[in-house]
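The values are calculated or read from the model by the stated rules, or taken from the named source; none is laboratory data. Remember, it's a predicted structure, so these values are computed and weren't measured experimentally. As a convention, Cβ positions derive from the backbone with ideal geometry for all residues, glycine included, and neighbour counts pool all protein chains shown. SASA here: full protein model, heavy atoms, side chains in, ligands and nucleic acids out. Shrake-Rupley method; radii C 1.70, N 1.55, O 1.52, S 1.80 Å.
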Amino acid sequence: MTTLLLLLLLALPAQAASDATSFVRWSSRQDLPAEHPARAEGYDFAAGLYQRLAAVAEAWPGRVSVERLGKSVDRRPIWAFTVRDPSVEVRRRVLVYAQLHALEWIGAEVAVALVEQLAPNPPPGVEVVIVPLANPDGRFYTEQDLLDGRVRSYRRANANGVDLNRDFAVHRENDNLWSKLPLTRRYYYASPAPLSQPETQAIDALAATGFDVTISLHAYGGYIYVPWAGRWTRTADHAEMMALGEVMAAGQPNRPYRVMQLCRWIFFFRALGTELDHMYATYGSNSYLIELTRSGIRPLRPRTWRDYFRWYNPVDPTPHVEDGVGALMALVRHLSAEEAGLVSAGD
Ligand SMILES: [Zn+2]
C-alpha cells in the first residue's frame with residue numbers, strides 16, 4: 001500500500017512534466033506559413049502562438065504546467081496552460097478560455113499575452129488556467145482563408161459547422177414574443193444538442209473541476225458581460241458579478257469596457273445555450289463573456305463592410321491586447337489581494 005502511494009506521488013509531477021514536454025515537442029512541429037500575410041500583421045498564426053507558449057513553459061517549469069484537454073473534430077489538440085505560484089496554497093481558481101469563434105483571433109492574442117505576463121510574477125494564492133485556442137479547427141480554416149486571400153469568407157463555427165458559443169446546456173430555449181417575430185427570431189438559436197461537440201465537452205470537463213471565475217474571450221464590442229444571456233431576469237449574484245466586472249474595467253489602460261448583463265444589450269436579444277449562462281448555472285462560477293475591441297462593421301475608414309477578419313481583429317492589436325490583459329490581470333490581482341485580506345469582496 002505504501003509503495004503504491006509512493007508510486008502515485010511520483011507519477012503526479014512526472015505526468016505534468018511530460019505533458020509540458022510533449023507540448024513543447026508538438027509545438028516545434030507546427031508549421032508556420034512561409035509568408036506571413038500582410039493583412040494579419042501584428043497577429044501570430046497558431047503555430048507562432050504555440051511557440052510563444054512553449055517558450056514560457058520552458059522558462060518557468062514550476063509555475064506553468066500544460067495539459068491536453070482533448071481533441072477537436074479534426075483531431076487537433078486543445079491545450080490548457082496553468083499558471084500559479086507553487087510556494088503558496090491555491091485558494092482561488094480562474095479559467096480564461098478564448099476563441100470559441102473561428103475569426104476572433106484577438107482573444108487568442110490576449111490569452112497568450114496573459115500567460116506571458118502571469119508566469120514571471122504569478123499573484124499568490126490564485127491559479128489561472130488558460131485555454132487560448134478552444135476551436136483549433138475553425139482557427140485553422142481562417143488561417144487558410146487569409147493565406148489564400150479569401151477575405152470574404154465568414155467563419156464562426158467548428159469543423160462540424162456548429163456555433164460552439166450556442167452549444168452549452170443552459171437556457172437553450174426561449175419562447176418569448178421576440179423569438180417568433182421575423183426580424184428578431186434569427187437570434188434565438190442553439191446547437192442541435194447540449195455539449196454536442198468535442199471542443200465544448202473539453203471546456204465543460206475542465207470547468208467541472210471548479211473555478212471561482214470563468215471568462216470567455218470574444219470580439220467585438222468593448223463589453224464585459226455577466227449572465228444571463230438567455231433570460232431577461234437578473235441572477236442571484238448579479239451585484240457581485242457586476243462589482244468584479246468593474247474591477248476588470250478599471251484595470252484597462254486605454255478604453256475601459258462597459259459592464260452589463262448580456263441579454264440586456266438590446267431588448268429583443270437573447271443568446272441561447274451560451275457558455276456564459278452554463279458556467280454560472282451549472283458550476284456556480286462567477287461567469288463572464290468579454291467582447292474585446294470596438295472594431296466591428298465600419299462603412300468608412302477603415303472600411304470593413306465585408307472584411308470579416310477586420311470586424312474582429314483591428315489593424316493594430318496592441319492597445320486591445322493591453323485592455324484585455326489589463327482587465328484579466330486586475331481580476332487576478334484583486335482575488336489574490338482578497339485572499340491575503342488586503343481588500344474585502346466589496347472593494
Ligand atoms: Zn464570439
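Values computed for the structure shown
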quantity: Table column - 3J(HN,Hα) (Hz), segment 232-239, Karplus curve with 6.51, -1.76, 1.60, x for Gly and Pro; calculated: 6, 5, 7, 7, 5, 9, 4, 4
quantity: For segment 2-339, share of DSSP beta bridges that run antiparallel, in % to the nearest 5; calculated: 35 percent
quantity: Förster-model FRET efficiency, 22 Å R0, Asp175 and Met242, C-beta, rounded to 0.05; calculated: 0.20
quantity: Mean ellipticity per residue at 222 nm, deg cm²/dmol - from DSSP H runs of n ≥ 4 across the chain, formula -39500 (n - 2.57); calculated: -11500 deg cm²/dmol
quantity: Rounded, prolate or oblate (a/c below 1.5 giving rounded, otherwise prolate when a/b exceeds b/c) for segment 289-344 by Cα gyration tensor; calculated: prolate
quantity: At 1.002 mPa s and 20 °C, Stokes diffusion of the chain via Kirkwood alpha-carbon radius, µm² per second; calculated: 104 µm²/s
quantity: Cα-projected label distance for Tyr154 with Tyr189, points at 7 Å along beta-carbon direction, nm; calculated: 1.0 nm
quantity: Dipole-positive endmost among Leu146, Leu95, Ser28 within the chain (Cβ charges, Cα centre); calculated: Leu146
quantity: Accessible-area composition of the chain, carbon plus sulfur, in percent [1.4 Å probe]; calculated: 55 percent
quantity: For segment 157-229, radius of gyration divided by Kirkwood radius, i.e. Rg to Rh on alpha-carbons; calculated: 0.98
quantity: Solvent-accessible area per residue, Å², over the chain with all protein chains present [probe radius 1.4 Å]; calculated: 45 Å²
